[in-house]
Amino acid sequence: MSTMQEPSPTQRSGMAAKAEKSSTEAPRPSRTLWGDAFKRLRRNKLAVAAIIWIVFVVIVALTADLWAQQLLGSPTSSDSTTLAQTSLLAPNAEHPFGTDALGRDILVRVIYGARVSLSVGIMATAISTVIGLILGALAGFYGGIWDTIIMRAADIFLAFPYVLFVVSMIAVIGRSLTNVFVAIGILGWPSIARVFRSAILTVKENDYVDAARAMGASDMRIIFRHIFPNSVASIVVYATMNIGGAILTESALSFLGMGVVPPTPSWGTMIQDGQAYLTTAPWMMIMPGLAILSTVLAFTLLGDGLRDALDVKMKDA
Amino acid sequence: MGKYILKRVLQFIPVFLGVTLILFALQNIVPGDPITLIGGDKALPPETELQLRIKYNLVKVDENGNAVLDANGDAVPTNTWERYIGYMGNLLKGDLGTSYQRKIPVTEIFAQKYPYTVKLALCAIVLEAIMGIGAGIISAVKRYSFWDTLVTLTTSVLVAVPAFWLGMILQLVFGVIFKVMPISGAGGASSQFQDWMHYILPAITLASVSTAYTARIMRSQLLDVMSQDYIRTAKAKGLSNRAIIWKHALKNALIPVVTYIGVDFGAMLSGAILTETVFNWPGVGYEIYRAISGRDWPIVMGGVTLVVLVVMVVNLLVDVSYGFLDPRIRFDRSSKSN
Amino acid sequence: MAKKNSSHVDLKTLPVPEGQHLLEVDDLKMYFHTEDGIVHAVDGVSYTLDRGETLGVVGESGSGKSVTAMTIMGLIPMPPGKIEGGRVTYRGHDLLNMSEEEMQHVRGNDIAMIFQDPMTSLNPVYKVGKQVGEGLRLHRGYSKQEAHEAAVKLLDLVGIPEPERRANEYPHQFSGGMRQRVMIAMALACDPDILIADEPTTALDVTIQAQIIELMQEMQEKNGNAIVMITHDLGVVADMADKIMVMYAGHPVEFGTAEEIFYESRHPYTWGLIRSIPEQAIDEKKPLTPIHGNPPSLVNLPKGCAFAPRCPYAQERCMNERPEKHAHGDGHYAACHFADDDAFVAANAPDTSRSRGEVALGEPVKANRSTSEGGEA
């Protein structure tokens, strides 16, 4: 299963020419860039819908403690005395998404599951982005031996089948929310590093970088003042899409029993729980699946919208 | 061309070493002492334990295969470097260790499982190629039409769907509601369905995400090619649009798509862990999944190693075949920079 | 797909109707309907062409010179393009109203085209011989073998050494100049009446440029075809063109024989082009005079003369009133309000211009045209 990472080393060779062009082409004054981009983004209905959905999910997840439990009951604990009456109920007025085998409301579990998915998506992406930016900057800016070592390391990481790699990593460091996003985050750096590296290589060609250097600007200053602003667009696009990919990976891990530890609700775990009740209570797996689908789709569409709005050239997949 | 192949092979070597290093590292920090995992709750007799430690390369041995003892009569543990050498030696011999629980070589277990996974992946690849390329072509040729929109939306959704969930939805619809497809296992005497029917739903599930990507790549490649100057040349020659698409555009656009699909075969072997778990498919992925829950690390690591190595070799072959497909590389006299 | 035994009549075997020219373009208008508005890419282009003749179409990028050619070939995607008026007849047949299938018989067979960038205009995954012979298989129903043999001969004809071997090579194995030769071989394969060359030398080295132009002229002598040579460089067509059309912002601003354009030009834009030919500046130790400013947006053309904002002689009238075409004898016209003003022309035309009188080249020259518009030879 390929998630959001770049397809493979082979892809790179095939589309080498394009990849080199993948960053923002002509550097433009950043204010106009973001202003224009915002205008274009607002015209993209799918992207606007995606933003609305993401904001909605984030608000629901953040404020869940204030209202969800009062309305729908606890997402984790169940009352064994009333189990016979409350378990495996089909969706109804009281439980809009139905209940699971332990009589817990599925809606409230989906809501709390959003916390896991969003935090994994955002934290893992943050980790990948930071590592990717640092390594990409070293490789792109200093070139030479740095470039060789870092890009070979990226090849090695990308040679691993992604899901299997994360699975073996979790097997080693153990199951927990932190470990899940650390594992996904650490393994996600190569794509960001490559994007930033090629952005740097493109920007480095520009005369104003030479000019800045001639005027005695330090490397750090050149990276932060001249190169970074010009590559931000492509990084933002990649990071946005990466969040969706990380959420998918987390759900896969949880489904395999390598994600967060029960009873903490996670969408992937809920789907796995539902597998046993596929014939009798299909809503157990349908609802969390729809939650994953809609959230990941929203991040993908937002990423697509940002890509078009910011005019970032990138490869498919 | 020769240079191109040589370069690819040379690039393969450091990646191979790096990958094995990471696999070794993972294997060595797996929690829990393997000896206790093998013994379960019972304490093993010291003699057996020492034999096991020798077998797992945890203590130093002399030429005769006996443990080297220190002044206190205890076995001397091997250091990390020695264990890596041992690990690489075993790997190159094709020895991936022995299952803790089933006590048989990991390679033996996977020898039975691999054919199932490969057959499933092949079915999925065929599906991916036909559906993905077809949809991509339609989408590009009828750009901005209803079909293009349909393909674009479908691929966006497919990319966002967790494949294992899609598999369960297929089980629900075709297995539970309509009861027309088997939802578990790979067939055999006990199944009420023909063997080949067991492949349908898992193959669709396994192919879903890749098909979406293939369609997208095909579409963008074809659109890209259609805007090239040589397409205008072909049109100026008097070729019909149909001939231009099928003769001039497609061949160019397909080269990267075919390589993508080739690489994807490797990705499918890995993605199979989810699909096989959903469908109880007796392949490598399901075996790894069961070993994870049973904490049978040699199977997990052996399985991962096998898949990773196969994927790497497949990618290398795809890279090399790319050179054959594209005359710009096949007949390149100067070395092509990457 | 190619219909080998098509009942289609090969247009180039038909005679040109009495009183008509091989190719007649009459008041052609091609607009593009885009999100930002209507782009007036070609606005009222007219010319005629006969076998053996060479027409030079000169103008800056965006002046509509390529779009005119592509429109004639039916290569403009519609939409966004739309023909808003005018006629194009080839041997008396209306090209603009032909079906796509009929046009396919014209393209490559009767009218062929070569393009600016030979590096990208050949398909990278097919052998050169196959690409050269493709037109013959399509239009003449040659077998693979026949097409290959013909391709080898064509490659030999355009001066490619070892044509048998080279025919089996791929485009990336050829140099830029050699690729342009291949393009010419490909275009001439079916012995077309008209060869349209869109900036065929722009992407090439200067030394190669001359060779390619010579080759085109040589081929023209052999085959008797007409050539439409599109270029931004007046110098390129100086020696080869019989007639020259100068275009600006979609409009033809001056049209005449090569003699008339070079020596009796009456439009300030043409003067600007002449002044910016480098060789001349070096020869005569005159400074190169660039035309200042940029061509106008084709969406919002100025109300008056399109060139007025950049014209050093522009007056109030030029800003408000679109100039008519002022004829100066058979075929020569200039779209400038002051084209009839001999004093204005004499004062401002470049030194080469005979319109200026005896001063310029130090030799007295008659002011009237020396060649008539090239009729059928």
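Please specify each residue of the range A:57-79 satisfying the condition of being surrounded by 12 or more Cβ atoms within 10 Å (Cβ to Cβ) and under 24 Å from A:Gly121 (Cβ atoms).
A:Val57, A:Val58, A:Val60, A:Ala61, A:Leu62, A:Ala64, A:Ala68, A:Gln69, A:Leu72, A:Pro75, A:Thr76
Taking the range C:108-124, which residues are surrounded by fewer than 24 Cβ atoms within 10 Å (Cβ to Cβ) and out of contact with any strand residue (DSSP E or B) (no Cβ under 8 Å at 6 or more places or on another chain)?
C:Asp117, C:Met119, C:Thr120, C:Pro124 - these are the residues of the range C:108-124 that are surrounded by fewer than 24 Cβ atoms within 10 Å (Cβ to Cβ) and out of contact with any strand residue (DSSP E or B) (no Cβ under 8 Å at 6 or more places or on another chain).
Looking at (1) at pLDDT 85 or above; (2) surrounded by 22 or more Cβ atoms within 10 Å (Cβ to Cβ), which is the only condition B:Leu317 fails?
Among (1) at pLDDT 85 or above; (2) surrounded by 22 or more Cβ atoms within 10 Å (Cβ to Cβ), B:Leu317 violates only (2).
Could you tell me whether the range B:202-210 includes any residue that is more than 30 Å from B:Met168 (Cα to Cα), more than 7 Å from chain C (Cβ to nearest Cβ) and among the small types (Gly, Ala, Ser)?
For the range B:202-210, residues more than 30 Å from B:Met168 (Cα to Cα), more than 7 Å from chain C (Cβ to nearest Cβ) and among the small types (Gly, Ala, Ser): absent.
Just to be sure I understand the filter: pairs with C-beta atoms under 9 Å, separated by 6 or more residues or on different chains, first member in the range C:131-157 and on the phi > 0 side of the Ramachandran plot, second member modelled with pLDDT under 90. Which pairs pass?
What qualifies is C:Gly141/C:Ala2; C:Gly141/C:Lys3; C:Gly141/C:Lys4; C:Gly141/C:Asn5; C:Gly141/C:Ser6.
Which residue is nearest to C:Val39 (Cα to Cα), if the candidates are limited to the range C:78-100 and must be of a type in the set (A, V, I, L, M, F, W, C) and under 21 Å from the mean Cα position of the chain (by Cα)?
Of everything passing the filter in the range C:78-100, C:Ile83 is nearest to C:Val39 (Cα to Cα).
The rows are residues; the columns are (1) over 20 Å from A:His95 (Cα atoms); (2) surrounded by 24 or more Cβ atoms within 10 Å (Cβ to Cβ).
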site	(1), (2)
A:Thr249	yes, yes
A:Phe255	yes, yes
A:Val261	yes, no
A:Trp267	no, yes
A:Pro282	no, no
A:Ala309	yes, no
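Being at pLDDT 80 or above and among the aromatic types (Phe, Trp, Tyr) is the filter; apply it to the range C:300-350 and report the residue that is surrounded by the most Cβ atoms within 10 Å (Cβ to Cβ).
Ranking the candidates gives C:Phe307 first.
Can you say whether A:Thr295 is among the β-branched types (Val, Ile, Thr) and outside any loop (DSSP other than H, G, I, E, B), as far as the supplied structure shows?
So A:Thr295 passes the test.
Exactly one condition in (1) within 16 Å of A:Thr178 (Cα to Cα); (2) at the interface with another protein chain (Cβ under 10 Å from one of its Cβ atoms) is false for A:Thr264; which is it?
(2)
Check the range B:249-256 and report whether any residue there is at the interface with another protein chain (Cβ under 10 Å from one of its Cβ atoms), within 23 Å of A:Tyr162 (Cβ to Cβ) and in contact (Cβ under 8 Å) with a residue 24 or more places away in the chain.
Looking through the range B:249-256, at least one residue is at the interface with another protein chain (Cβ under 10 Å from one of its Cβ atoms), within 23 Å of A:Tyr162 (Cβ to Cβ) and in contact (Cβ under 8 Å) with a residue 24 or more places away in the chain.
Under the condition of being of a type in the set (Phe, Trp, Tyr) and in contact with a Leu (Cβ under 8 Å, 6 or more places away or on another chain), which residue from the range B:276-289 is nearest to B:Thr117 (Cα to Cα)?
B:Trp281
Answer yes or no: is there a residue in the range A:175-184 that is under 21 Å from the mean Cα position of the chain (by Cα), buried (at least 18 other Cβ atoms within 10 Å of the Cβ) and within 19 Å of A:Ala233 (Cα to Cα).
no
Among the residues in the range A:99-113, are any over 16 Å from the mean Cα position of the chain (by Cα), at pLDDT below 85, of a type in the set (Ser, Thr, Tyr) and part of a helix (DSSP H, G or I)?
Looking for residues that are over 16 Å from the mean Cα position of the chain (by Cα), at pLDDT below 85, of a type in the set (Ser, Thr, Tyr) and part of a helix (DSSP H, G or I), one finds none in the range A:99-113, hence no.
Hey, can you tell me all the residues within the range B:269-282 that are under 18 Å from B:Leu170 (Cβ atoms) and either in a loop (DSSP other than H, G, I, E, B) or within 8 Å of another protein chain (Cβ to nearest Cβ) (or both)?
B:Gly271, B:Ile273, B:Leu274, B:Thr277, B:Val278, B:Asn280, B:Trp281
Count, please, the residues in the range C:75-93 that happen to be outside any strand (DSSP E or B) and crowded, with 17+ Cβ neighbours inside 10 Å.
Initially, the range C:75-93 is screened for residues outside any strand (DSSP E or B), giving C:75-80, C:91-92.
Next cut, crowded, with 17+ Cβ neighbours inside 10 Å only: C:75-76, C:91.
Matching residues across the range C:75-93 total 3.
Here are some residues: B:Ile292, B:Ile273, B:Ile261, B:Ile245. Which one is among the aliphatic types (A, V, I, L, M) and within 16 Å of B:Thr117 (Cα to Cα)?
None of the others qualify; the one that does is B:Ile273.
Which number in (1) buried (at least 21 other Cβ atoms within 10 Å of the Cβ); (2) closer than 15 Å to A:Gly132 by Cβ marks the one condition that A:Val232 misses?
Checking A:Val232 against (1) buried (at least 21 other Cβ atoms within 10 Å of the Cβ); (2) closer than 15 Å to A:Gly132 by Cβ, the one that fails is (1).
For residues that are among the β-branched types (Val, Ile, Thr) and either within 11 Å of chain A (Cβ to nearest Cβ) or in contact with a Ser or Thr (Cβ under 9 Å, 6 or more places away or on another chain) (or both), scanning just the range B:163-181, find the one that is surrounded by the fewest Cβ atoms within 10 Å (Cβ to Cβ).
B:Ile177
Mind listing whichever residues of the range A:117-154 are under 27 Å from A:Val296 (Cβ atoms) and either within 14 Å of another protein chain (Cβ to nearest Cβ) or not in a helix (DSSP H, G or I) (or both)?
Result: A:Ser117, A:Val120, A:Gly121, A:Ala154.
Quick check, is C:Glu101 surrounded by fewer than 24 Cβ atoms within 10 Å (Cβ to Cβ) and on the phi > 0 side of the Ramachandran plot? So that I can check it myself, show each step before the final result.
Values: surrounded by fewer than 24 Cβ atoms within 10 Å (Cβ to Cβ): yes; on the phi > 0 side of the Ramachandran plot: no.
No.
Please pick out the residue among B:Ala160, B:Ala215, B:Ala234 that is surrounded by 23 or more Cβ atoms within 10 Å (Cβ to Cβ), more than 26 Å from the chain's Cα centre (by Cα) and among the hydrophobic types (A, V, I, L, M, F, W, C).
Every option except B:Ala234 fails the conditions.
Would you confirm, using the coordinates I've provided, whether C:Thr54 is among the β-branched types (Val, Ile, Thr), at pLDDT 90 or above and within 13 Å of the chain's Cα centre (by Cα)?
yes
In this structure, does B:Gly303 turn out to be within 24 Å of B:Pro14 (Cα to Cα), at pLDDT 85 or above, within 11 Å of chain A (Cβ to nearest Cβ) and part of a helix (DSSP H, G or I)?
yes
Would you tally the residues in the range A:171-185 being within 19 Å of A:Leu118 (Cβ to Cβ), assigned to a helix (DSSP H, G or I) and within 14 Å of chain B (Cβ to nearest Cβ)?
So the answer is 2.
Please determine, by comparing only the residues of the range B:12-67 that are at pLDDT 75 or above and of a type in the set (Phe, Trp, Tyr), which one is nearest to B:Gly294 (Cα to Cα).
Checking each candidate, the answer is B:Phe24.
C:Glu134: at the interface with chain B (Cβ under 9 Å from one of its Cβ atoms) and surrounded by fewer than 17 Cβ atoms within 10 Å (Cβ to Cβ), yes or no?
It is false that C:Glu134 is at the interface with chain B (Cβ under 9 Å from one of its Cβ atoms) and surrounded by fewer than 17 Cβ atoms within 10 Å (Cβ to Cβ).
Given the condition more than 14 Å from every other protein chain (Cβ to nearest Cβ), in contact with a strand residue (DSSP E or B) (Cβ under 7 Å, 6 or more places away or on another chain) and either not in a helix (DSSP H, G or I) or not charged (D, E, K, R) (or both), answer yes or no: does some residue in the range B:77-93 qualify?
Yes, some residue in the range B:77-93 is more than 14 Å from every other protein chain (Cβ to nearest Cβ), in contact with a strand residue (DSSP E or B) (Cβ under 7 Å, 6 or more places away or on another chain) and either not in a helix (DSSP H, G or I) or not charged (D, E, K, R) (or both).
The values are calculated or read from the model by the stated rules, or taken from the named source; none is laboratory data. Worth saying up front: this structure is predicted, and the values here are computed from it rather than measured. FYI the Cβ positions are ideal-geometry reconstructions off the backbone, even for glycines, and counts take in every protein chain you see.
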